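The numbers here are math on the coordinates, done by the rules we state, and not lab data. Quantities reported herein were computed from a predicted structural model and do not represent experimental measurements. Positions of Cβ are backbone-derived with ideal geometry, glycine not excepted, and every protein chain shown enters the neighbour counts.
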Amino acid sequence: MASHLLSWLFLLFQFLIFVYLVNRVSFHPRRVIPEAAWVILGTLFLFALQASLALGLDRAWDFSPGSWPALPVFWKFFTAVSTLWVLFMALEHLLWYGFRRQKVDARLILQRFPNHPPRFRVPMGFLEPLYIDNQVYDLEVAEYEVALPGWPKAFSGLSLVQVSDIHFGKYIHKNFLRMVFDEARKLKTDLYALTGDFVSHPKDIAPMRGLLKGFRAPLGVYAVLGNHDHWAGAEAMRRALEGDGIRVLQNEAVTFRRKGKTLALLGVDDLWEGEKREAPILEARGDAKILLAHQPDHFYLARKAGVHLQVSGHCHGGQICFPLIGPLIVPTVQGRKFAAGFMREKGTTLFIHRGIGGFPPLRTLCRPQVVKLVLKPA
């Protein structure tokens with residue numbers, strides 16, 4: 001019985017290590033290998049490597065505790081490293097969830113699910129007989145009231161609507177995006193925040209022109225570029241957005257005054273591919289600060305700059321999620337902790353948007369979303 005339990009325990013260890021490594025592999029080797037090939041081939045390589053090691057261990061050990069000292073040195077080393085690795089991950093998660101991560105008072109005040117028209121044929125329909133529901137067109141519209149520590153009363157009730165990771169192209173097409181943007185425009189807001197990855201390929205920039213026109217808000221419409229925008233052509237993407245009346249922020253601040261207080265809206269360039277200039281963010285002055293950053297890993301900068309709220313995307317909520325297990329691939333240094341939703345550390349709140357599109361054109365247990373945040377003092 002003990003050996004049976006121990007064998008299942010080591011199998012679980014290998015799965016946890018696999019998830020950890022896959023999230024690290026999903027970091028793109030900039031401009032060397034296409035992202036899809038890198039992620040798919042890297043994931044398959046890790047799976048093959050770990051499966052080989054697991055089978056080798058199964059042949060070498062009967063998983064009874066008493067026989068472990070007789071194992072060859074290699075397998076002793078392998079089991080010891082696997083155990084220590086999982087213990088380290090467990091400790092790190094415990095410290096994050098139990099001590100570093102603070103509770104976020106975010107109250108859901110509106111949620112609706114607009115039905116997509118029947119003409120939107122869902123891709124990868126061959127998965128339906130396997131009871132895999134592709135939610136790629138099942139939009140969620142949500143509104144949250146968020147209490148922020150240190151947020152000035154002068155800006156109580158200020159709102160923003162966020163749309164992220166559109167990945168316009170063959171499957172995230174104009175008809176679907178018109179529906180998405182119509183829903184976003186229905187949400188009366190003070191400003192719009194578009195947090196990067198508008199396209200995946202250079203050929204999609206020109207056809208996207210004009211699609212984002214018509215967004216209006218008292219404080220304006222702002223965007224930052226993502227890693228895919230840089231790979232597709234940052235300048236062309238910037239010109240397309242500006243042509244649609246959207247201001248693109250690249251390591252700069254825009255300020256607004258209300259009742260004697262200043263709001264600094266900050267926008268940082270992409271962490272992987274953008275220009276690394278942190279000084280304008282760190283030197284910005286404001287009684288209230290909001291940071292637009294494509295990648296949630298800019299959270300370190302937000303904390304350093306005393307930002308009240310960072311809004312990001314990039315991770316697509318994991319995009320392909322499993323019951324109980326959750327998402328496997330979340331391309332951040334924090335792994336699955338930064339998949340989606342709210343978190344807070346040292347008084348700085350982070351919201352990670354699940355995005356609209358992504359590759360492959362498949363979403364399971366992870367709807368695309370449009371989100372409105374109404375900001376209040378804590």
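Tell me, how many Å apart are the Cα centres for segment 241-263 and for segment 162-234?
Between the Cα centres of segment 241-263 and segment 162-234 lies a distance of 17 Å.
Could I get the Rg over Rh figure for segment 2-99? Both from C-alpha atoms, Rh via Kirkwood, rounded to two places.
On the way: Rg = 16.0 Å, Rh = 15.2 Å.
Radius of gyration relative to Kirkwood radius: 1.06.
Between 0 and 90 degrees, rounded to the nearest ten: what's the tilt of helix 174-186 against the longest Cα principal axis of the chain?
Once rounded, one gets 60 degrees.
For segment 222-270, what is the convex hull (Cα atoms) projected area averaged across all directions, in square nanometres?
Values: hull surface 14.2 nm².
Mean shadow area of the hull around the Cα atoms is 3.5 nm².
From the P(r) of segment 44-133, can you give the percent of Cα pairs sitting at distances over 22 Å?
Here the long-distance tail beyond 22 Å is 65 percent of all Cα pairs in segment 44-133.
Take every DSSP beta bridge with both residues inside segment 103-377 and express the antiparallel ones as a percent of the total, to the nearest 5.
Percent antiparallel among DSSP bridges in segment 103-377 is about 45.
Once Lys and Arg get +1 and Asp and Glu get -1 on their Cβ, which of 234, 32, 111 lies farthest toward the positive end of the dipole of the chain?
The listed residue farthest towards the positive side: 111.
Roughly how large, in nm² to one decimal, is the mean projection of the convex hull of the alpha-carbon atoms in segment 261-328?
On the way: hull surface 22.2 nm².
For segment 261-328, averaging the hull's shadow over all directions gives 5.6 nm².
Taking 37 °C and 0.692 mPa s as the conditions, I'd like the Stokes-Einstein D for segment 173-260 in µm²/s, using the Kirkwood hydrodynamic radius from alpha carbon pairs.
Translational D for this selection: 238 µm²/s.
May I ask for the percentage of alpha-carbon pairs in segment 142-299 that lie more than 23 Å from each other?
The share of Cα pairs beyond 23 Å in segment 142-299 comes to 37 percent.
Positive end of the dipole of segment 2-99, charges at C-beta (+1 Lys, Arg; -1 Asp, Glu), about the Cα centre: which of 3, 57, 19 has its Cα farthest in that direction?
19
Can you tell me the order of 9-20, 231-242, 290-301 when each peptide is scored by its average per-residue count of other Cβ atoms within 10 angstrom, highest first?
Numbers: 9-20: 15.8, 231-242: 17.8, 290-301: 24.9.
For the peptides 9-20, 231-242, 290-301, the packing ranking is 290-301, 231-242, 9-20.
Distance cut-off 22 Å, Cα to Cα: go down the list 170/203; 153/188; 103/276; 103/259; 170/337; 346/376 and report the pairs above it.
Details: 170/203 11 Å; 153/188 20 Å; 103/276 31 Å; 103/259 29 Å; 170/337 31 Å; 346/376 18 Å.
In this structure, 103/276; 103/259; 170/337 exceed 22 Å between Cα atoms.
On a 0 to 90° scale, report how tilted helix 73-95 is relative to the longest principal axis of the chain, with both axes built from alpha carbons and the result rounded to the nearest 10.
30 degrees
Convex hull over the Cα atoms of segment 240-378, averaged projected area in nm²? The partial results should precede the final answer.
Values: hull surface 39.5 nm².
The orientation-averaged projected area of the Cα hull of segment 240-378 comes to 9.9 nm².
Could you tell me the relative contact order of the chain? Use alpha-carbon pairs under 8 Å, at least six residues apart, and round to a whole percent.
Dividing the mean separation by the residue count of the chain yields 21 percent.
Angle check, please: helix 2-25 long axis (alpha carbons) against the longest principal axis of the chain (alpha carbons), in degrees 0 to 90, nearest 10.
Compared with the principal axis, the helix lies near 40 degrees.
Are there chymotrypsin sites (Phe, Trp or Tyr not before Pro) in segment 108-167 that DSSP puts in a loop and that have at most 10 other Cβ atoms within 10 Å, and which ones?
131
More than 11 angstrom separation, counting every C-alpha pair in segment 333-378; what % is that? Let's see the in-between values first.
On the way: 794 of 1035 pairs.
Everything past 11 Å amounts to 77 percent.
Please provide three numbers in whole Å: the alpha-carbon extents of segment 103-377 along the principal axes, with the largest listed first.
Over segment 103-377, Cα extents along the principal axes are 58, 40, 35 Å.
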